[in-house]
Each structure stands twice: as C-alpha cells, then as structure tokens.
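Input: a single structure, listed below in structure tokens.
The values are calculated or read from the model by the stated rules, or taken from the named source; none is laboratory data. Since this is a predicted model, take the numbers as computed values, not measurements. With ideal geometry, Cβ positions are generated from the backbone for all residues, glycine too; neighbour counts draw on all protein chains shown.
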Amino acid sequence: MQEEIYRTKSASIAQCELTDSFLLTFDQEEIQFKLCDLFAFRKRIMAFDIMELLESSAPDVEVVHLPHCDRFLLLSLREILQFRELLNGTFDTLALNSAIQKILRKNVFNF
Amino acid sequence: MKDILRRHHVLKDEIVDIINRQIKMEAHSSAAYLALAAWCDVRGYDNSAEFFFKQSEEERKHQLKLFHYLCDMECDAVSPTVGESQHDFGSLREVFEKALEHEIAVSDSIHEIVGECRKYNDIATEEFMRWFVQEQIEEEYIARRALELFDVLGEDKIALGMFEERILGIEYEPG
C-alpha cells in the first residue's frame with residue numbers, strides 16, 4: 001500500500017506502508033529508499049553550493065551516487081533545484097504527519 | 001498515514017548533529033590524552049603516563065557510548081576525523097593544566113547538549129546525557145586536584161617524585 005507524500009512537476013515520493021520504505025519516481029524510473037537512505041540522499045542534494053555551480057564554467061551536470069542501490073544519478077542544476085523542492089516538501093510533510101500522529105496517539109489510551 | 005519518520009528516526013537532526021560533534025570532541029580528547037601520556041612516559045613520569053593512558057581510554061569509551069546511542073536511535077553516527085594534538089609542553093604542571101582545560105571544554109559541550117535537549121523537548125536524550133554530566137563532575141574534580149598537588153608540593157625534583165606517588169590515588173567520592 002502506497003501513500004503519496006509529495007509531488008512536483010517532475011518527480012514524486014510515496015511511502016510504502018508494508019515495507020516502511022519510500023519510492024522516488026523520477027524521469028520514468030523508480031528508486032526505493034529506506035528512511036536512512038532518504039536522509040543521506042537529502043544530505044547530498046542539499047550539500048551542493050548552488051552559487052558555485054552557477055558561477056562555474058564546468059559542465060552543468062553533477063553526479064550523485066546512491067550506494068544503497070548502487071546507482072548514479074546525473075543531475076543538471078535545474079534537476080538539483082527540483083530535487084531540493086521535492087525533498088523539502090517530503091520531509092516537511094513527514095514532520096507534519098508526525099505531529100498529527102503524536103496528537104492522535106494521545107487517544108490510544110483513552111480510558 | 002503510517003508515521004515512518006517517528007518509527008525510524010527518533011532524534012531531531014539538530015540533536016544528531018550536536019551528538020556527532022561531541023563524538024568528534026571525545027575522539028580528539030582521547031588522542032590529546034595519548035599525547036600527554038607520551039610526553040610523561042618518555043620523561044620518566046610513569047604514573048602520570050599511566051594516568052593519561054587511562055584517561056585516553058575513558059574518552060574513547062565516552063565516544064563509543066555516544067556512537068552506540070545514535071546507532072540505537074537509527075540515526076547517522078559519523079566516525080570522526082581527528083586533528084593534530086599538542087605534543088610539546090614546558091613542564092609536568094603545564095601538561096596537567098592542559099588536561100583541566102580539556103575537561104572544562106568537554107563539560108561546557110555536554111551542558112550545551114543538555115540545553116539543546118531541553119530546547120527540543122528531547123527528554124530521552126537529556127536523560128541519557130545525565131551520565132555524562134556526572135562523569136564530567138568527576139573528571140574535572142580529578143584534574144583540579146592533580147593541579148592542586150603542585151600548589152601543595154611545589155615543582156622541584158623531590159616534589160615531582162611525591163606528585164608521581166600520589167597521582168594515581170586521586171579519586172572522586174561524591175559527598
């Protein structure tokens with residue numbers, strides 16, 4: 001069972017409730033992440049210095065390795081920015097869900 | 001919707017970062033104490049060297065305790081790089097001055113973590129850090145008492161011999 005967490009024009013992230021994992025759909029591909037892998041991916045995407053990339057004369061493509069599935073993503077600056085939006089939206093939604101669930105948990109022992 | 005974030009990522013990023021910083025500090029302290037032990041050892045201050053070898057092991061244990069805590073909470077524990085330690089000192093007293101400085105810096109850092117735990121209402125980590133707060137009271141006490149021995153005994157050769165006789169006997173007994 002999958003629940004969509006966040007969607008942008010080019011990608012989306014859903015969570016799988018059976019496996020406690022996340023599914024990134026991007027460029028007609030699907031990549032599965034455990035939460036710790038998703039955190040690591042976010043860390044890598046957020047670590048790019050956008051200003052430095054804008055001013056650089058090097059090719060406008062960055063390589064991101066995903067060790068948990070041994071894949072490489074070749075990302076343009078535009079795609080890095082889109083991933084930032086996707087991951088920020090995803091983690092904000094997860095945090096909001098956590099806050100809601102915390103309130104709901106108070107009713108678990110409602111006696 | 002299932003709360004996967006809460007199930008698998010117990011601590012806030014800010015708490016994880018500050019504990020990883022502490023892991024690095026403990027690793028650096030362990031290395032720094034080894035440098036102090038080496039200085040004492042080659043100059044014939046065998047008991048002082050043993051004191052610092054033990055301290056180095058203690059700091060390593062602190063580092064691992066923090067490291068395991070992050071792993072247990074399914075958070076990223078970062079194995080730290082350790083920078084250069086100071087190896088040159090003018091006297092045995094200066095070595096122990098450095099040890100006290102270290103302990104005070106570690107205490108400040110531990111208290112800062114407790115402050116952050118309170119800021120983010122992280123009761124579990126605050127409780128976990130209580131052991132470190134107590135440990136630092138002991139560590140600072142021992143470092144301070146060692147320095148006070150220099151005030152009492154002086155720093156001539158006979159006094160340094162007496163210092164060596166006493167250094168391994170310093171213990172903290174909470175009132």
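Remarks
- Filtered residues of the stretch B:1-21 (kept if crowded, with 21+ Cβ neighbours inside 10 Å and at pLDDT 95 or above): B:Ile15, B:Ile19
The rows are residues; the columns are (1) touching a Phe, Trp or Tyr at 6+ places or on another chain (Cβ under 8 Å); (2) closer than 18 Å to B:Arg6 by Cβ; (3) loosely packed, with under 15 Cβ neighbours inside 10 Å.
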{"residue": "A:Phe22", "(1), (2), (3)": "yes, yes, no"}
{"residue": "A:Thr25", "(1), (2), (3)": "no, no, no"}
{"residue": "A:Phe41", "(1), (2), (3)": "yes, no, no"}
{"residue": "A:Pro67", "(1), (2), (3)": "no, no, yes"}
{"residue": "A:Asn97", "(1), (2), (3)": "no, yes, no"}
{"residue": "A:Ile103", "(1), (2), (3)": "no, yes, yes"}
{"residue": "A:Asn107", "(1), (2), (3)": "no, yes, yes"}
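- Exactly one residue among A:Arg71, A:Arg44, A:Arg78 is modelled with pLDDT under 95, under 12 Å from A:Phe26 (Cβ atoms) and basic (Lys, Arg), and that residue is A:Arg71.
- For B:Arg130, the conditions (1) under 18 Å from B:Gly44 (Cβ atoms); (2) modelled with pLDDT of 95 or more all hold with the exception of (1).
- Candidates B:Arg6, B:Arg21, filtered to the one that is of a type in the set (Lys, Arg), farther than 15 Å from B:Glu103 by Cβ, out of contact with any His (no Cβ under 8 Å at 6 or more places or on another chain) and away from chain A (no Cβ under 14 Å): B:Arg21
- Scanning the stretch A:20-40 for residues that are in a helix (DSSP H, G or I) and either more than 16 Å from A:Asp92 (Cβ to Cβ) or acidic (Asp, Glu) (or both) yields A:Cys36, A:Asp37, A:Ala40.
- Qualifying positions in the stretch B:48-105 - in a helix (DSSP H, G or I) and among the small types (Gly, Ala, Ser): B:Ser48, B:Ala49, B:Ser56, B:Ala99, B:Ala105
- Residue match in the stretch B:25-45 (condition: crowded, with 17+ Cβ neighbours inside 10 Å, in a helix (DSSP H, G or I) and among the charged types (D, E, K, R)): yes
- Filtered residue count, the stretch A:50-78, keeping only those that are of a type in the set (Val, Ile, Thr) and under 15 Å from the mean Cα position of the chain (by Cα): 1
- Checking the stated criteria, A:Ile103 turns out not to satisfy the condition of being outside any helix (DSSP H, G or I) and within 14 Å of chain B (Cβ to nearest Cβ).
- Leading residue by the ranking (nearest to A:Phe72 (Cα to Cα)) among those in the stretch A:1-19 that are more than 11 Å from chain B (Cβ to nearest Cβ) and not in a strand (DSSP E or B): A:Ser10
- Screening the stretch A:20-49 for residues that are away from every other protein chain (no Cβ under 14 Å) and closer than 27 Å to B:Cys75 by Cα and picking the one that is nearest to the chain's Cα centre (by Cα) gives A:Leu24.
- Residue in the stretch B:100-117 that is at pLDDT 95 or above, over 30 Å from B:Leu160 (Cβ atoms), charged (D, E, K, R) and over 16 Å from the mean Cα position of the chain (by Cα) present: yes
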